[in-house]
Structures are given as C-alpha cells and as structure tokens.
Amino acid sequence: MTVDALTGVLAIPAIAAALLAVLPGYRLTARINIAASGLTLICALSLFVRRPATGAYLLVDDLNATFVVLTTFVGFTTSIFSASYIGHELESGRLTPPFVRFYHAMYQVLMFGMNLALIANNIGLMWVAIEMATLTTVLMVGIYRTHEALEAAWKYFILGSVGIALALFGTILVYMAARPVVGEGLDAMVWTVLVQRASAFDPALLDVAFVFLLLGYGTKVGLAPLHAWLPDAHAEGPTPISAVLSGLLLNVALYALLRFKMLLAVNTGALAPGPLMVTLGLISLVFAVFMLYRRRDIKRMFAYSSIEHMGIITFAFGMGGPLANFAGLLHMTMHSLTKSAIFFAVGHVAQAKGTQRIADMGGLTETHPMLGWSLVLGVVAIAGLPPLGIFMSEFLVVSSTFARAPLLALVLVFGILVGVAALFLRLNSIAFGQPRGPVGKTEASYVPMFAHLALVLGAGIYLPPALVAWFQNVAGLLG
Amino acid sequence: MSRIDFDIAHLLAGTLVLISFLELYQDRLYALLNVYAAHAFVLAASVAWQAFVQDAPHLYVTAVIALLFKAIAIPVTLHRIIAKLGIHREIEKVVGVGSTMLAGIGLVALSMVVMLRVTHGADPLAREDLAFALSVVLLGLLMMVTRRNAVSQVVGFMSLENGLVLAATGAKGMPLVVEISVAFSILIAFIVIGIFLFRIRERFDTVDVQALDRYRGERR
C-alpha cells in the first residue's frame with residue numbers, strides 16, 4: 001500500500017489512539033495528542049496539492065477535502081486547548097490519570113471516525129464511521145461520572161442509537177434502490193457509482209430512504225424535534241468535547257445528509273430534499289432562539305446556539321443554488337471556528353469560577369480581563385455583528401433567501417434577531433457589572449482561541465479571492 | 001424462486017414481528033429476556049434461510065453471530081446482571097399494555113402501507129422482508145419509549161437492531177461489510193450499556209431511568 005495523504009489522515013489518529021491507550025503520564029500523552037492532531041492536519045492540507053485516486057472505499061473530492069481540512073484544523077487547535085484544560089481537571093481532582101489516558105485515546109478514535117466518515121466513498125462505511133464517532137463521544141460525555149453526566153450520556157446514547165439505526169435503514173433502502181440498476185454487490189454502495197446511475201433508480205424507494213436518512217442523520221445534526229440529547233451532552237461532558245461536538249461532529253452528520261441530497265438531486269422523479277431541510281432548519285432556528293432566553297447554564301446556552309446555527313446552515317443547504325450553498329458553506333466554517341473558540345473561553349471561565357451557572361458569574365471583564373473580553377468577542381462574533389465572519393455569511397443566507405422566498409427570509413431574520421437579543425442579555429450579566437461568584441486563577445491557553453477569532457475576524461474583513469473561488473466551486477458541486 | 005422458499009422466508013419474518021409483539025407486553029425482566037432470546041433465535045433461522053435461498057454462504061456467518069451472540073451470550077449475561085442487581089421484578093411501563101399493543105398494530109400497518117407501496121419494483125421476497133423489518137424496527141422503538149427500565153430499553157434497542165439485520169439480509173447481495181459491522185456495533189453498544197448499567201446502579205441504587213430525570217441539568 002502506497003503511503004499517501006489519505007492513509008495519513010486515517011493512520012495517524014489510529015496509531016496515536018493505540019499509543020495513547022497504553023502510555024502513562026499526562027504531560028507526555030497530551031503532547032502526543034497535539035502532535036498527532038498536527039500531523040493529521042498537515043496530511044489533510046496536502047490533499048489540496050496531490051489528490052489520491054478514488055477507490056471503492058475512499059474518495060476525495062473538493063467537497064470533502066474542505067470538510068476534512070476544517071475538521072483536522074479544529075481538531076488540532078482543540079487538542080492544544082485540551083492539554084491545558086485537562087491539566088486543570090487533573091489538579092482539581094475531577095479526573096483521575098486512568099480516565100485521562102482513556103480520554104486521550106478516545107479523542108484520537110473520534111478524529112479517526114470523523115475523518116473516515118468524511119472520506120468514505122461507501123455509504124455503508126460512512127455509516128459505520130459515524131456510529132463509531134458517536135459511540136466515542138458518548139463515552140467521553142459520561143467521563144465525569146456525575147449524575148448529570150450519566151444522564152446526559154445515557155440520553156445521548158439512546159437517542160443517538162435510534163438515529164443511527166434509522167440512518168442504517170435508510171442506507172439499506174438506498175442499496176435496494178440501486179440494486180436493480182447497478183447490480184448486486186459492492187458497487188451498489190459506492191457513492192461515486194450511485195451518483196452516476198441515480199437517475200435510473202426507483203424514485204419512490206429513494207424518497208422513503210431519504211426520509212429515514214434525514215431523521216437518522218438529522219438526529220446527529222441536532223435538528224429541532226430530534227435535538228434533545230444535544231444540550232445535555234454539551235453541558236455535562238468535558239469542554240474540549242463540547243467544542244469538537246459543536247464544531248465538527250454536527251458538520252460530519254450534515255455532510256452525510258448532503259451526500260444523499262446530491263444523490264436525490266440527480267433523480268428527477270424523486271422528491272426534492274430541499275423543502276424538508278428548509279423546514280427542519282427553520283424549526284430548529286426558531287425553537288433554539290427562544291430556548292436561549294431561560295438558560296441558567298453557560299455551556300447549555302451555547303449548545304442551544306449551536307442548534308440555532310445548524311438550523312441556519314441546514315436551511316441554506318436546503319434552499320440550494322450556488323449562492324445559498326456558498327453561504328451555507330461559509331456559515332458552517334465560520335460557526336465551527338467561532339463556536340469552538342467560545343467553548344475554549346467558556347471552558348477556562350468555568351474552571352476559574354468553579355461552576356457553569358450563569359448566576360454565579362458576573363463582571364468577568366474585570367476579574368479575568370483576557371478571558372472576559374475574548375468571550376465577549378466570541379459572543380459578538382456568534383451573534384453575527386459586523387465586521388466578523390458570521391455577519392457576512394448570515395447576510396448572504398438572508399439576502400439570497402429574500403430574492404427567492406421573502407416569507408421564509410422574514411422568519412429567518414426574526415429568528416436571528418431574537419437570538420442576538422438573547423445572547424446579549426446573557427452576555428451582559430456574565431461579562432459586565434459587579435463581579436459575582438468565586439474568583440479563581442486559571443492557566444489558560446489563549447493561542448487556539450485567538451487563532452480562531454482572528455480567522456473569523458479576518459474572513460469578515462477580507463475573504464481572499466482564492467478561498468471565494470474554492471467555495472464557489474464546492475457550492476457548484478452541491479447543486 | 002419456488003413457492004415454498006418464499007413461504008418459509010415469509011413465515012420466519014412474520015414470526016419475528018409476532019415475537020416483537022410478545023416483547024411489548026412482558027412485565028417481568030426474566031420473561032422479557034427469554035422472549036428476546038427467542039426473537040434472536042428466529043432471526044438466526046431467518047438469516048440462515050436467506051443464506052440458503054440466495055445461495056450466499058457469507059450470510060451463514062451473520063446467522064451464526066445472531067445465534068451465538070444475540071440468542072445466547074447476551075441474554076445469559078443480562079440474566080446475570082439482573083440477578084446481581086436484584087431487579088428482576090422491576091418493569092415500569094409508561095403506557096398501559098392495551099394502548100401499547102394498539103400503537104404496535106398501528107405501526108405494523110403503517111410500515112406495510114409504506115413499504116409495499118414503494119417497493120413494487122423489487123422482487124417479492126425482498127419486498128415482504130423489508131416491510132416486516134420496518135415493523136420490527138418500529139416495534140423496537142415503541143418498546144424503548146414505553147419502558148422506563150434501563151434493561152428493557154436496551155432489549156428494545158437490540159430487537160430494533162434485529163430488524164435492521166433482517167432488512168440487510170433481505171436486500172439480496174448486500175456487501176458483507178455491513179452485516180459484520182452491525183454485529184460489531186451491537187457488541188460495542190452492549191459493552192457501553194453494560195458499563196452504564198453498573199454505573200447507574202452505583203450512583204442511583206436503581207436502574208429505573210426515571211431516577212435520572214431528577215438530575216436533569218437545570219433543576220439543580
């Protein structure tokens with residue numbers, strides 16, 4: 001087997017996971033974790049330069065190369081944040097060394113699962129990879145073994161399994177639809193073959209398959225009626241995992257949906273997946289922004305904000321067309337970067353304050369100026385104020401919708417505005433005013449947070465033409 | 001395909017749906033486990049029959065996995081866990097038996113209507129199999145939402161997975177990758193659940209999942 005970038009993206013996390021599972025010592029393993037994530041990122045970047053051939057199992061095209069680079073980048077920065085975060089958890093005794101070892105191994109297994117899901121060319125393999133990624137996060141959410149963590153993990157496990165089961169049923173139905181046309185065996189599950197021949201598939205079977213896939217993978221995206229696991233899992237797990245869940249795993253599930261959407265788009269007789277995604281996206285958005293108001297737990301609040309933004313992204317991809325897809329891609333990238341930066345800040349804040357309750361936080365900009373102001377900057381970014389990147393992507397989503405469906409755009413704008421108000425209401429009590437609650441010291445790692453925020457700010461001010469061309473190209477692929 | 005081949009496949013898949021109904025109204029954990037073992041046993045028979053009919057020897061592997069792992073190993077282990085925890089009489093239902101059964105009948109009717117309508121292009125064996133498989137999946141889901149006890153939720157999930165295996169084997173020539181991985185995922189899922197069961201017991205002195213609700217994040 002030749003050594004290429006693709007092998008690297010999969011082999012490095014796999015080997016690192018095996019290593020981290022046996023090596024003792026927190027400092028060493030945290031460094032290996034960072035190094036492995038960094039190497040994976042380099043391999044992923046090289047996918048832009050030299051692209052391996054498409055096989056029956058693996059595939060790299062412009063669409064998933066974008067996703068892989070985003071995933072490995074956030075994976076790398078999160079591993080840096082995780083090193084300081086886990087160090088603090090060890091000191092405060094919330095985690096013991098065996099759990100830390102387990103955590104690091106699982107972190108790399110999660111990276112492996114997400115990368116595999118993204119570059120899989122076989123819809124069965126993609127399903128297996130997403131299931132693997134889900135199971136590792138279930139284990140990590142429950143790692144603190146408190147009542148809340150156990151409940152969150154159990155809920156996540158049950159809802160996640162049901163979702164993943166429905167997705168498998170949908171996958172089987174796609175195979176059934178492909179079999180009469182493509183023939184029996186492996187080819188009928190290979191995505192590149194499917195998309196070439198999909199026009200001849202039985203449309204009715206594809207319709208039912210897509211409904212199952214939408215419900216199944218939609219659960220993992222956190223779309224509104226199926227989102228119940230998401231706030232708990234975000235609030236009770238370790239914060240680096242919240243960052244990776246929000247920033248990456250939700251995207252990976254959405255990517256799976258997009259692949260099947262492309263399949264249906266080829267078949268003229270099948271239902272248009274767009275309206276279904278638009279509906280679910282809008283429901284998620286409107287539901288989540290109202291839930292933002294009554295939150296008392298800071299991580300839970302940002303989890304609802306993730307539901308809101310996944311709603312917007314799903315909405316944009318559901319609208320389809322070059323402009324909306326472009327906006328969706330941009331928004332997804334910006335949301336991943338911003339939300340993980342916010343979770344980095346929130347993680348350190350929660351450690352400094354010793355609690356996640358919003359009522360016990362106040363005047364952060366006075367007691368912890370660096371942390372406080374970066375949290376403010378993060379929230380300003382996620383709320384979508386100019387000149388930051390999310391403003392631009394939200395603006396694109398809204399303006400492309402106004403041109404085509406003004407009524408939907410009204411709902412969209414209403415949702416976004418309600419969300420902004422809720423975020424600032426909470427931000428005001430967290431970051432400003434009289435300092436409240438305990439004031440602890442924290443050894444924060446600011447680099448990942450600032451790197452993300454700088455990228456978001458940079459993208460808001462000036463988007464390089466090469467990047468625009470790339471995103472336009474990918475948006476064109478999505479149809 | 002000869003008539004008798006079809007009839008036997010039909011009989012086995014239909015039996016699977018019936019046993020799913022049996023699971024719905026069990027009110028003791030041991031009884032529930034026995035019914036689940038029967039469920040997995042019929043699944044193994046059904047998969048083996050499909051292997052014979054389709055002349056697909058690799059499906060025998062799936063059948064053996066279903067027989068050894070799901071019909072024997074898991075029920076035995078769960079028996080032990082239940083005995084250890086001393087919870088054999090606890091089954092708390094959210095909804096009464098009557099309405100659960102009615103809902104179950106509705107779900108089976110729904111899956112028949114949906115699947116038979118969209119699959120008229122497929123061959124009859126796969127068609128019926130898929131309709132039965134969806135019924136089993138939906139009944140498994142129903143069981144998960146009508147029980148509060150962690151063990152019976154797990155059993156519901158496992159019978160749901162049985163439905164998926166039935167669907168995967170009914171789809172002729174589906175690559176082996178998927179069947180093995182399904183079996184594997186059950187193994188993993190089971191380990192996870194096992195760990196959780198013990199921790200739940202350790203923390204709450206009960207496996208009644210309702211106890212977990214008290215600790216919902218924001219009611220501190």
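Restricting to segment A:433-469, give me the number of residues that are in a loop (DSSP other than H, G, I, E, B) and surrounded by fewer than 13 Cβ atoms within 10 Å (Cβ to Cβ). If you could, list the steps in order and put the result at the bottom.
The initial filter retains those residues of segment A:433-469 that are in a loop (DSSP other than H, G, I, E, B), namely A:433-435, A:437-445, A:462-464.
Next, only the ones that are surrounded by fewer than 13 Cβ atoms within 10 Å (Cβ to Cβ) stay: A:434, A:438, A:441, A:443, A:462, A:464.
Qualifying residue count for the region: 6.
Just one of the numbered conditions (1) surrounded by fewer than 24 Cβ atoms within 10 Å (Cβ to Cβ); (2) away from chain B (no Cβ under 14 Å); (3) farther than 27 Å from residue A:266 by Cα; (4) not polar (S, T, N, Q) is not true of residue A:240: (1). Only one of the numbered conditions (1) closer than 20 Å to residue A:143 by Cβ; (2) without any contact (Cβ under 8 Å) to a residue 60 or more places away in the chain; (3) crowded, with 17+ Cβ neighbours inside 10 Å is not met by residue A:91, and that is (3). Within segment A:454-479, residues that are over 14 Å from residue A:326 (Cβ atoms) sit with their Cβ atoms under 8 Å from residues that are surrounded by 15 or more Cβ atoms within 10 Å (Cβ to Cβ) and not hydrophobic (A, V, I, L, M, F, W, C), at 6+ positions apart or across chains, in these pairs: A:455/A:389; A:456/A:338; A:456/A:389; A:457/A:389; A:458/A:389; A:460/A:389. Taking the criterion of being of a type in the set (A, V, I, L, M) and touching a strand residue (DSSP E or B) at 6+ places or on another chain (Cβ under 9 Å), the residues of segment A:33-84 that qualify are A:56, A:58, A:59.
Restricting segment A:359-382 to residues that are in contact with a helix residue (DSSP H, G or I) (Cβ under 7 Å, 6 or more places away or on another chain) and in a loop (DSSP other than H, G, I, E, B) leaves a set whose member that is farthest from residue A:421 (Cα to Cα) is A:368. Restricting A:146, A:96 to residues that are more than 14 Å from residue A:253 (Cβ to Cβ), more than 12 Å from chain B (Cβ to nearest Cβ) and hydroxyl-bearing (Ser, Thr, Tyr) narrows the list to A:96. Given the criteria among the aromatic types (Phe, Trp, Tyr), more than 10 Å from chain B (Cβ to nearest Cβ), assigned to a helix (DSSP H, G or I) and buried (at least 20 other Cβ atoms within 10 Å of the Cβ), does residue A:175 qualify? It is false that residue A:175 is among the aromatic types (Phe, Trp, Tyr), more than 10 Å from chain B (Cβ to nearest Cβ), assigned to a helix (DSSP H, G or I) and buried (at least 20 other Cβ atoms within 10 Å of the Cβ). Report whether or not residue A:152 is under 21 Å from residue A:232 (Cα atoms), more than 11 Å from chain B (Cβ to nearest Cβ) and either buried (at least 23 other Cβ atoms within 10 Å of the Cβ) or touching a helix residue (DSSP H, G or I) at 6+ places or on another chain (Cβ under 7 Å) (or both). Taking the combined requirement at face value, the residue does not satisfy it. Determine whether segment B:151-158 contains at least one residue that is in contact with a Leu (Cβ under 8 Å, 6 or more places away or on another chain), surrounded by fewer than 18 Cβ atoms within 10 Å (Cβ to Cβ), closer than 21 Å to residue A:172 by Cα and at pLDDT 75 or above. No; the residues of segment B:151-158 include none that is in contact with a Leu (Cβ under 8 Å, 6 or more places away or on another chain), surrounded by fewer than 18 Cβ atoms within 10 Å (Cβ to Cβ), closer than 21 Å to residue A:172 by Cα and at pLDDT 75 or above. Here are B:114, B:108, B:76, B:95: which of them is out of contact with any Pro (no Cβ under 9 Å at 6 or more places or on another chain) and within 13 Å of chain A (Cβ to nearest Cβ)? The conditions single out B:114. For segment B:117-151, filtering for residues that are under 16 Å from residue B:6 (Cα atoms) and in a helix (DSSP H, G or I) leaves 10. Only one entry in A:209, A:228, A:204 is under 18 Å from the mean Cα position of the chain (by Cα) and within 11 Å of another protein chain (Cβ to nearest Cβ), namely A:228.
Just to verify a result, which residue in segment A:178-195, among those that are in contact (Cβ under 8 Å) with a residue 60 or more places away in the chain and part of a helix (DSSP H, G or I), is nearest to residue B:173 (Cα to Cα)? Restricting to residues being in contact (Cβ under 8 Å) with a residue 60 or more places away in the chain and part of a helix (DSSP H, G or I), the top hit is A:186. Of the numbered conditions (1) at positive phi; (2) more than 10 Å from every other protein chain (Cβ to nearest Cβ), residue B:173 fails exactly one; give the number of that condition. Here residue B:173 meets the rest and fails (2).
The values are calculated or read from the model by the stated rules, or taken from the named source; none is laboratory data. Computed from a prediction, not measured in an experiment: that's the story for all the values here. In this analysis, Cβ positions are derived from the backbone assuming ideal geometry, glycine residues included, and neighbour counts consider all displayed protein chains.
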